[in-house]
Amino acid sequence: MTQFDNLIAKAKACSLCAPELPHGVRPVLQVSQTARILIAGQAPGSKVHATGIPFDDASGDRLRDWMGVSRGTFYDPAKIAILPVGFCYPGTGKSGDLPPRKECAPKWRQPLLDAMPNIELTLVIGQYAAKWHLGRALQKNLTETVRCWQQYAAGGLLPLPHPSPRNNIWMKKNPWFSKEILPELRDRIRPLVD
């Protein structure tokens, strides 16, 4: 077993925040040292928790459409890594899923990112991933951060809203996203997965 394999095994066996997870521990991630694209998400939802497959839900369908990739390409870890801020489903609150658990990212995120040297493009999905990857470079809100995508592109980062169907209203209010950013996203992805 390589050091990387050992790191993955430990991350997938993590139970650090088990007492705080109402549905139990099930870390969901997809990583490889050859991946050139990283999808930095927030945390698995209930459907992903049930299957153990990242983005195996309506959000994943929309994200694959945005990216212009097939399921086969999306789930090929040699091409695409999927590393959420929180690896386990945090449960639900009053207005949807709870935020990712705070214990996960400090323990696992940087060691896994450091072990994937070939990442050229990181899709930063949602506010929690944006806080991790963009830090002080964030705009006043996620919409403005996404609108200012060119500011982050030189660093190989592309901020995106969450592809959840719950964001349909956001999509309607911000038609520039589909017109301007999605073609750019697909153009950047194509050479990295061919």
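Share of Cα-Cα pairs in the chain beyond 26 Å, in percent?
Details: 5208 of 18721 pairs.
Everything past 26 Å amounts to 28 percent.
Taking neighbour counts of Cβ atoms within 10 Å as a proxy for exposure, in what order, fewest first, do M67, M116, M171, M1 appear?
In increasing order of surrounding Cβ atoms, one gets M1, M171, M116, M67.
Count the lysine pairs in the chain whose Cα atoms lie under 14 Å apart, taking only pairs 8 or more positions apart in sequence or on different chains.
Details: K10/K107; K12/K107; K102/K131; K131/K140.
The result is 4.
How much length would be gained if the chain were fully extended between D114 and Q3, taking 0.36 nm per residue of separation minus their Cα-Cα distance, in nm to one decimal?
Between D114 and Q3, full extension yields 38.7 nm more.
For the pair R136 and E180, how long in nm is the line joining their label points, each one 7 Å along Cα→Cβ?
Calculated label separation equals 2.6 nm.
Multiply the residue gap between S46 and T34 by 0.36 nm, knock off their C-alpha separation, and tell me the result in nm, one decimal place.
1.4 nm
Sequence gap at least 6, Cα distance under 8 Å: using those rules, report the relative contact order of region 36-180 to the nearest whole percent.
With pairs under 8 Å counted, the relative contact order is 29 percent.
Using Cα centres only, tell me the gap between region 157-194 and region 1-51 in whole Å.
24
Can you give me the long-range amide H partners of R26? Hydrogens built in the peptide plane at 1.01 Å from N, cutoff under 5 Å, separation of 5 or more residues or another chain.
Hits under the 5 Å cutoff: Y89.
Quick one: Karplus J couplings for region 96-113, per residue in order, coefficients 6.51, -1.76, 1.60, θ = phi - 60°, nearest Hz, x for Gly and Pro?
x, 5, 6, x, x, 4, 6, 6, 5, 4, x, 7, 10, 4, 5, x, 5, 4
No lab work stands behind these numbers, since they all come straight from the coordinates. Predicted model only: the values in this text are computed from it and were never measured. Using ideal geometry, Cβ is built from the backbone for each residue, glycine included, and neighbour counts are taken over all protein chains shown.
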